[in-house]
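All remarks here apply to the structure that follows.
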Amino acid sequence: MKAMKRLSLLIIGVLISNASISQTTCSNATEVVNDPADNTINCLTVTGGAVTDGTLTGAVCAGAPLFEGWYSFTIASGPQNINVLTENYASSGGPNARNVAFEVLSGACPGGLTSIACINDNGAGASETTDLFNLPNGTYYVRVYSINNGTIPDLDICITATAGSIPATNDDCANAIPVAVGAGGICTEVTGTNIGATDSGVAAPGCSSYGGGDVWFSAVVPASGNVTFASDYAAANSLTDIGMALYTGTCGSLTETLCDDDSGNGLMSSISATGLTPGSTVFIRVWEYGNDATGDFDLCFSEPPLSDSNQDCESSTGLCTSSTIGGSSDGDGNVVDLNATNQDCLSTEHESSWFDLEIATAGTFEFVLSPSNGSDDYDFAIWVYPGGVGQGCPPAAAPDRCSFAAGAGLNGSYDTGLGNGAVDASEDASGDNWVSTLNLNVGDVIVILIDNFSSTTSPFTVDFPGTAGLDCTVLPVELLSFYAEAMVDGNRLHWKTESEMNNDYFTVEHSKDAQNWRVIGNVNGAGTTDDMQKYALDHDNVDGGVNYYKLYQTDMDGSVSNVKIISINNDKVAKALINTINLLGQEVDSSYTGVVIDLYTDGTSVKRLQ
């Protein structure tokens, strides 16, 4: 990794000069560079050997050195970050001839020098390097030693000024940077760096090739006990492959609970922790994979919102305004809503959220779906019902818009939606995350399925930048579901309410063309209640083809509300429900609560909780 990084700098610029190993004191040090430019490697190729007098000047800082050489660099545009590197040692001279250390000193030569770095990290033949940060203007000296009685080999000494971040101050657990946990799935973002980081001394984590250079962050666990710790690329000077570990306890007595390598964006890390102790402080340890590159990274700490209850079409959430909404899901619900007829570009549900809305002002419908962790792969489908006619659960036809694009799309973003100049109505995994907008009229109804293919339970937000106005009607009855089920000799209509206020009764109407309607029955309501209510009505002797049903609700004062319209295609029903029984074999109706078994005309059965 470091060799690749150095190659990229060489492309920017490299200056090479030559010298011999005859500089025995700081007074006759050979200058490598004066006022180095950022990201230009300045190398001095040294012809090795033993110093002429064979003596050392002053105390030494590493090993048992015998010979030394002195070099210097001057900063005139400080402060600067400086990398010092010795490499490309000659291969001759015996087993110890290529074991080199160096010391960096500042101050006045000869009597006022102060050591600011001493490097002897690697063995014979291996390069040595160090990073020095925020060095002020002045002349600095590099004192090169040979170790274990070997002469100094031919080598390169390189000085590079690196533009970049202030070095990390959170190099150990005790100096962990505290980060507040964002509520409701909204990130608290912080930019970190591993520049200047060393090994904190805590036992190596259990993943992601730890090699030192770790930095630390802390967070106080919210009341839910759930926190998502996500990482992503920084805006500049970014690392591209980091590891992350979560610790509980206190500094000096830490317990590693979770460790992750590549669950985030690209090769970045992400940890979703649940069941943590509310109010406790936890620690996040971050390091670069292999510790062979330095740079920055972004972190996002958030508390996932409670998973919404709209994992099935029949329990979709109604949207009443064009304001930004948030959501999350931890499963695919209790109903298989997608099938070969209605799935189009999608395959199956993973972590699904269903929404419905009505158009209050005609215009262009657009939306922008953004994963809160910046890297989840969200897909979606949208069904449009002009004038509110034909909607049902599950949808009976293919969606009007569909996106199954994989990974990052336009401009490397994981955002997805309707707009951004797209002209396609549907896209597969090779798409760019965007499909075309919709031109809608007043009264049109939209059903939206949002599915988290990544299945991380991490939340999302949705914005509606289009000109179409969204609205919903606050009804005396809060309807959870309304759907039709084919029976042997007709259709059974089912609906559930979450709450009712002064509800006298329901009316169900039937139509073959969605224009001409007739009443097929009334069902008494529950008055006023906050408890869930279940209702059913049988429609016998129906004709084939598409049958439409409209549900009305009438208040105690006689006012009437149009609740919902659904449809069922009786020609496409592959099987019909014969009856429903409980586990004792007794026939039950929709008012029964418990485990039931649905028996169908094709001999199959489905066990479910009613």
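The values are calculated or read from the model by the stated rules, or taken from the named source; none is laboratory data. Bear in mind the structure is a predicted one, so any value in this text is a computation, not a measurement. Backbone-built Cβ (ideal geometry, glycine too); neighbour counts: all protein chains shown. Heavy atoms of the whole protein, side chains included, go into the accessibility calculation; ligands, DNA and RNA do not. Shrake-Rupley method; radii C 1.70, N 1.55, O 1.52, S 1.80 Å.
Taken over the stretch 490-581, lysine pairs spaced eight or more positions apart, or on distinct chains, with alpha carbons under 20 Å apart number 9. Accessible-area rank, largest first, for ILE186, ILE520, ILE159: ILE186, ILE520, ILE159, with all protein chains present and a 1.4 angstrom probe. Taking all protein chains as they are arranged and a probe of 1.4 Å, the heavy atoms of PHE460 leave approximately 10 Å² accessible to solvent. For THR250, the solvent-accessible surface computed with a 1.4 Å probe is close to 90 Å², ligands and nucleic acids excluded.
These residues, LEU418, LEU537, go from largest to smallest accessible area, 1.4 Å probe, as LEU537, LEU418. Mean projected area of the convex hull spanned by the Cα atoms of the stretch 145-290, taken over all viewing directions: 11.3 nm².
Set the Förster radius R0 to 45 Å, insert the Cβ-Cβ distance between ASP538 and ILE186 as r into 1/(1 + (r/R0)^6), and round the FRET efficiency to 0.05. With R0 = 45 Å, the Cβ-Cβ based efficiency is 0.40. For the stretch 352-408, the share of accessible area belonging to carbon and sulfur comes to 52 percent (1.4 Å probe, ligands and nucleic acids excluded). A straight chain from SER238 to ASP571 at 0.36 nm per residue would run longer than the Cα-Cα distance by 114.1 nm. Sorting LYS512, LYS550 by accessible area puts them as LYS512, LYS550; the probe is 1.4 Å, largest comes first, and only protein heavy atoms count.
The simple Förster model, with R0 at 45 Å and r as the Cβ-Cβ distance, assigns ASP463 and THR114 a FRET efficiency of 0.20. Shape summary of the stretch 259-414, radius of gyration then Dmax from alpha carbon positions: 19.1, 61 Å. FRET efficiency for the VAL588 to ASN516 pair, using the beta carbon distance and R₀ = 35 Å, is estimated at 0.50.
Ordering PHE355, PRO386, ALA340 by the projection of their Cα atoms onto the charge dipole of the stretch 337-390, which places +1 on the Cβ of Lys and Arg and -1 on the Cβ of Asp and Glu, puts PRO386 at the extreme positive end. Surface calculation, 1.4 Å probe, protein heavy atoms: MET556 sits at approximately 120 Å² accessible. Positive contributions from Lys and Arg (+1) and negative ones from Asp and Glu (-1), summed over other residues with Cβ under 11 Å from the Cβ of ASN420, come out at -3.
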